[in-house]
1. Going through region 302-354 one residue at a time, which ones are of a type in the set (S, T, N, Q) and at pLDDT below 70?
2. Sort out which residues of region 94-119 are within 18 Å of Val73 (Cβ to Cβ) and part of a loop (DSSP other than H, G, I, E, B), and write them in order of number.
3. Could you tell me how many of the residues in region 22-57 are in a loop (DSSP other than H, G, I, E, B) and β-branched (Val, Ile, Thr)?
4. Identify, please: which residue in region 258-276 is over 28 Å from Leu89 (Cα atoms) and aliphatic (A, V, I, L, M) and is, among those, surrounded by the fewest Cβ atoms within 10 Å (Cβ to Cβ)?
5. Within region 172-192, does at least one residue satisfy the condition of being surrounded by fewer than 18 Cβ atoms within 10 Å (Cβ to Cβ), more than 25 Å from Gln26 (Cβ to Cβ) and among the aliphatic types (A, V, I, L, M)?
6. Might you check whether a residue that is surrounded by fewer than 18 Cβ atoms within 10 Å (Cβ to Cβ) and within 30 Å of Arg341 (Cβ to Cβ) occurs anywhere in region 134-141?
7. How many residues are of a type outside the set (Val, Ile, Thr) and in contact (Cβ under 8 Å) with a residue 40 or more places away in the chain if we restrict to region 271-287?
8. Considering only residues of region 233-249 that are modelled with pLDDT of 90 or more and over 20 Å from His294 (Cβ atoms), which is surrounded by the fewest Cβ atoms within 10 Å (Cβ to Cβ)?
Amino acid sequence: MNPAEFGRRVLGWFDAHGRKGLPWQQNPTPYRVWVSEIMLQQTQVATVAPYYRRFMERFPTIRALADAELDEVLSLWAGLGYYARARNLHRAARAVRDRHGGEMPADMARIQALPGIGRSTAGAILALAFGQRQAILDGNVKRLLARFAAVDGWPGQPAVAARLWELAERYTPVERVAEYTQAMMDLGALICAARRPRCDRCPLMAACLARAQGRETALPSPKPRRALPVRSTRMVLVRSADGEVLLERRPPAGIWGGLWSFPECPAEVSVADWCQDRFGLEVEVERPWKVLRHTFSHFHLDITPVPARVREAGGRVMEGERFVWYKERDGEPPGMAAPVRTLLAALTSDLLNP
């Protein structure tokens, strides 16, 4: 199928069936498109939509995001996962404010120079917000093109990725680029689905090589599987005499960077001795809770929660940038990862219902 016919079929389908009411499609400024593209990385539309609305209400402009504290950004991101995206978004907003006068540059090289923005995300911003002829290759489009052209191999392999980029560049039209870009994402998400492609509804079915070969569910080739390693940690759930919970900010790099969490005690030491040595707190250690497993993309984390009560009413760690005593009456907890939020909810429920 030549590029003109490919584009005509894709756009015809989009006009009749494409998604046109998504929140980031309303007033698609470069900033609004950028935030949506970052949130949509490895996250489904239905999950992203309410987060996006809240985020844009609080940070309606690049400057508003750049001027905010990272804590507030992470708090609004909590639950979306992959927190490096939020940290990079905040860093990039400050770079746009300081280097580009608060306006997203309409240039591929300058956009890609910003933290957290790769080739496909940059292409989406330029196509959807500026109308530039730029190809994209997100997960949905990779799957669609791999099937359409029967491209063997895992898309994460350089040679396979290069072939898919060639196809993406070839089929991207000159006109109606924004609509075409959204159409390709929609086709991949709604029709050329990973497990149950709806080939009978696809405008490209007649020329799809995977369909012709009976391999529509076999392509693209999956990532080579390997057993995920298991790491473990022990989180100490320290409660003061008046019901406050001790939280510690994690280092900026690494998992959950910059988020608030429970202090982590090495497995080989006494929790009571560790709390005394590290915090100067005399605590009564309770029976550990059941292990909570949290799975990242590259490993499992087994968390052993260990509740501990401060013995003396006046014993407490000084608050600052690294530590905070949290109590439910203070309102929403600060930004924290989903498993930490789960443990905090269980702990505060126990405090309220002893």
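The values are calculated or read from the model by the stated rules, or taken from the named source; none is laboratory data. None of the values given here were measured: they were computed from a predicted structure. With ideal geometry, Cβ positions are generated from the backbone for all residues, glycine too; neighbour counts draw on all protein chains shown.
1. Asn353
2. Within region 94-119, Gly102, Met104, Leu114, Pro115, Gly116, Ile117 qualify.
3. Going through region 22-57 one residue at a time, the tally reaches 2.
4. Among them, the one singled out is Ala267.
5. yes
6. Scanning region 134-141 turns up at least one residue that is surrounded by fewer than 18 Cβ atoms within 10 Å (Cβ to Cβ) and within 30 Å of Arg341 (Cβ to Cβ).
7. Going through region 271-287 one residue at a time, the tally reaches 2.
8. It comes out as Arg239.
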